[in-house]
Structure formats: structure tokens, C-alpha cells
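Below is the structure I would like to discuss, written out as C-alpha cells.
The values are calculated or read from the model by the stated rules, or taken from the named source; none is laboratory data. If you're wondering where the values come from, they're calculated on a predicted model, not measured in any experiment. We place every Cβ from the backbone using ideal geometry, glycine too, and count neighbours over all the protein chains shown.
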Amino acid sequence: MNDDLKHLQPYPFEKLDELKQGLTPPRNLNHIALSIGEPQHPSPHFVIENLIAHLHQLSKYPSTKGSTELREAIASWLCGRFALDPSSIDPEQNILPVNGTREGLFAIAQCIVDRSASNPLVMMPNPFYQIYQGAAILAGAKPLLINCIEANQYLPDLDAITDEQWSQCQLIYICTPGNPTGAVMSDGYLQNLIALAQKHDFVIASDECYSEIYLDENQPPPGLLGAAMAMGLSDFRNCLVFHSLSKRSNLPGLRSGFVAGDAKLLQKFLLYRTYHGCSMPPATQSASIAAWSDEAHVIDNRARYREKFDQVLSILSDTLAPRKPQGGFYLWPTTPIADTKFAQRLFAEQNITVLPGSYLSRNTPEGNPGENRFRMALVAPLGECREAALRINTLLTSL
């Protein structure tokens, strides 16, 4: 067996299941699940219909590189969304489909990390999407966690990293808007990180799967490729972005996304993926083209989340007073008692499931940045989100 497997920690939802064992919630209250970031809004009918209409393509082996039409649709979307020069995004060289960002984010570390190097580091935010740490460990690298706390606007403090650590860094994962904090990295922040990547020669893997969920329709979050182009780095050297239809289009079951950026890196990643055996099914590719080519359903999606945030924040404003996120669909409030105890009591007394913040973070010498917080995913229907907020206030009154 791969000896590195012993270094993997249980997934947060395994810990959550253990935390809830033996607890019996009130039978008169329906269960409201706010722990998993699984979109519950309806999937676009035109995408489903497109998928069904192309199931006859199952008789063909798909190309690892994906169809030209899919890569062209993605390129068009990228240019429109992030104001990229179309001449900088070659569908043949700068884009690869992936089966959801999770698959791509894990695989990129296996491709990038040089195990023969002395003390290879893979950096990541803390709290973080657990795939980052698992990918680093199984690639033979040491994860370096950068705490994301309120004092730094919930962004990794790049100034806290030493020159020696930067020199050992081979890959850094970033997430903007952040999971679970909702913090958005500005163009200036991204350009500072890009400058560091050019100086120390490491790769940036930007997880932008929440980029299309934001509360101000006039302020879409910046992206890594747009920041690179604005500073004159039109070849996107050392820059990779990962996008998905899961959150943007409410299609988590489609398992469809892409990676785009540095053509030299993607050439090697294509080689890796050819052996990895992760081609996207032809019907999925066709449905994905339809999804990337339409913005109306995405605008409607944002409006639904905006309404939920407005109502839930209004209900909780005098109790938990959670911070309004810049993007994503999570709230990241503080708890009046330990986050694990709060989650237990919320389930046992109000039949609501949330994720303790400490389960999304790791202990560091400076502490655990997720301690005494919890992640609340506003993915349930509006009525359930409102009801959950009211029940949370009921619990707070009893504490």
C-alpha cells in the first residue's frame, strides 16, 4: 500500500457523522441540511435535454483533450467573463476539460510535484477544501497551511511566508471566492502572488468554482487569468485556473469543469491525464457546451442566492451577526460555545446539520482558524433557510 495513505485525515463529513451518533433530533421538526455545499436549485432543463439528446454518443471513446467545440465554448466564456484577449486563449493549448474541479485539483498535484526535490512544499489556505491537503500528501509533498483569519480579511497572509519557504514551494492552492469564508482576492492580491510565482518558480492552482456566485451583480470576482493578463503576462506562465458547472449551473452530478492557463503545464497535464484515464463522456461534453454558452440561468441562480442571504442575514443580524460574504453560498459565523458542541446541540435540539469550522481547518502553532465557527451552506430552498435561521435563534436563546 501507498504509505502516504496513513497521513490522510478522515473527511469532514465522516467526523460530522461521528459527532451526531447517538443524538435523536425532535421528530416534530423536519431536518434541514446546511452542511454540504451541494446546490439544490433546479438544474437547467435545456442542459438536461441536451444531455439526453446526445446519449447515443456513448458508443464512442471520448478524447482526453475533449472536443474542439467544448474547448472553444470554454474559451469564449473565459474571454467574456474575465476580459481576456481571445488571442491569448488558444482552445488547442490553453484549456483541458476535467470531471469537476475536485478531480482536476487533486490530479494537478500528482503531475506538478517533483518528489526528488528537497522538502517540496504545497501551500494552501487554512481553512480549506480538504482535497488540497490530500493531493499534496499523496504527491509526496509537505502541506504548508496559511491561516485565513479576520485580521487579514480571511485571505492567506503572503507576507508571513519566508523566502526559504517560497523557494521550496512547488504549488500553491488558492480559492477565490473562498470556501468557507467567501473572501474574494482582488486583482492586486492576485498580481502580488503571480509576481512571487514568477520569482520563485512555483505553480498557482486557483480554485474558482464559486466565481459565478456573488451578491453584487455589478462586481463579479476577479480571476487569476484576468489578473495575469492585466499585468502583461499573456502566456499565463505558472498560472492555472479551475472552473466547474457544479455551482455555476447547479449541475454537481454532471461532473464537468475545466482547467485553463499555462500551455506548457497543460501539455504535461494532458500527458498525465491520458494515462490517468479520465476522459469526459461525449454526452457530458455536449451538455457542457450548452451550459457554458448561456448566462441567463446563471443570473437567475445568483438572484436566488441573493434573496436567501438577504433574508437569513436579516434574521440573524441581532444574534450571530454573521459577516456578509463577497462570494460563494456559505456563512461563516462565530459560535458562543465550542463549534462542535454548537453543531451537536443544533442537531439534537433543532434538527439542523451544519459543519463545525474546526473540521475544515487544521491546528497550527497560531491556533485553529476554524475553531468556534461553523459553515452554513445556504443551498436549501428559501423557506428552509429562513426556518433554519429562526431555529438557530431559538437555540441561541437557550444557551
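State all residues of the range 152-164 that are of a type in the set (A, V, I, L, M, F, W, C), at pLDDT 95 or above and outside any loop (DSSP other than H, G, I, E, B); if no residue qualifies, say none.
Across the range 152-164, the qualifying residue is only 158.
Turning to a different aspect of this structure: It is to be established whether one or more residues within the range 235-248 are in a loop (DSSP other than H, G, I, E, B), surrounded by 24 or more Cβ atoms within 10 Å (Cβ to Cβ) and either among the hydrophobic types (A, V, I, L, M, F, W, C) or free of Cβ contacts under 8 Å to residues at least 40 places away in the same chain (or both).
Yes, that holds for at least one residue.
Any residue at all in the range 336-347 that's surrounded by 16 or more Cβ atoms within 10 Å (Cβ to Cβ), among the charged types (D, E, K, R) and under 24 Å from residue 185 (Cβ atoms)?
no
Scanning the range 110-146 for residues that are assigned to a loop (DSSP other than H, G, I, E, B) and of a type in the set (D, E, K, R), which turns out surrounded by the fewest Cβ atoms within 10 Å (Cβ to Cβ)? Please lay out each step first, then the result.
Of the range 110-146, the ones assigned to a loop (DSSP other than H, G, I, E, B) are 113-120, 127-130, 139-141.
Among the residues that remain, those that are also of a type in the set (D, E, K, R) are: 114-115.
Values: 114: 11, 115: 9.
My answer is 115.
Return yes when residue 76 is farther than 30 Å from residue 341 by Cα, assigned to a loop (DSSP other than H, G, I, E, B) and within 25 Å of the chain's Cα centre (by Cα) and no when it is not. First the steps, then the outcome.
Working: farther than 30 Å from residue 341 by Cα: yes; assigned to a loop (DSSP other than H, G, I, E, B): no; within 25 Å of the chain's Cα centre (by Cα): yes.
Criteria not met by residue 76.
Could you figure out which of (1) under 20 Å from residue 255 (Cβ atoms); (2) of a type in the set (A, V, I, L, M, F, W, C); (3) part of a helix (DSSP H, G or I); (4) under 23 Å from the mean Cα position of the chain (by Cα) isn't true of residue 16?
Failed condition: (1).
Consider residue 371 carefully, then state whether it is modelled with pLDDT of 95 or more, in a loop (DSSP other than H, G, I, E, B) and among the acidic types (Asp, Glu).
yes
Next question, about the same structure. Considering every residue within the range 265-275, establish whether at least one is among the hydroxyl-bearing types (Ser, Thr, Tyr) and crowded, with 24+ Cβ neighbours inside 10 Å.
no
Now for a separate question. Kindly check whether there is at least one residue in the range 89-106 that is without any contact (Cβ under 8 Å) to a residue 12 or more places away in the chain and either over 20 Å from residue 277 (Cβ atoms) or among the small types (Gly, Ala, Ser) (or both).
No.
Now for a separate question. Would you point out the residue of the range 147-183, among those that are more than 18 Å from residue 355 (Cβ to Cβ) and aromatic (Phe, Trp, Tyr), that is surrounded by the most Cβ atoms within 10 Å (Cβ to Cβ)?
My answer is 173.
Of the residues in the range 184-231, how many are closer than 19 Å to residue 269 by Cβ and surrounded by fewer than 16 Cβ atoms within 10 Å (Cβ to Cβ)?
Qualifying residue count for the region: 1.
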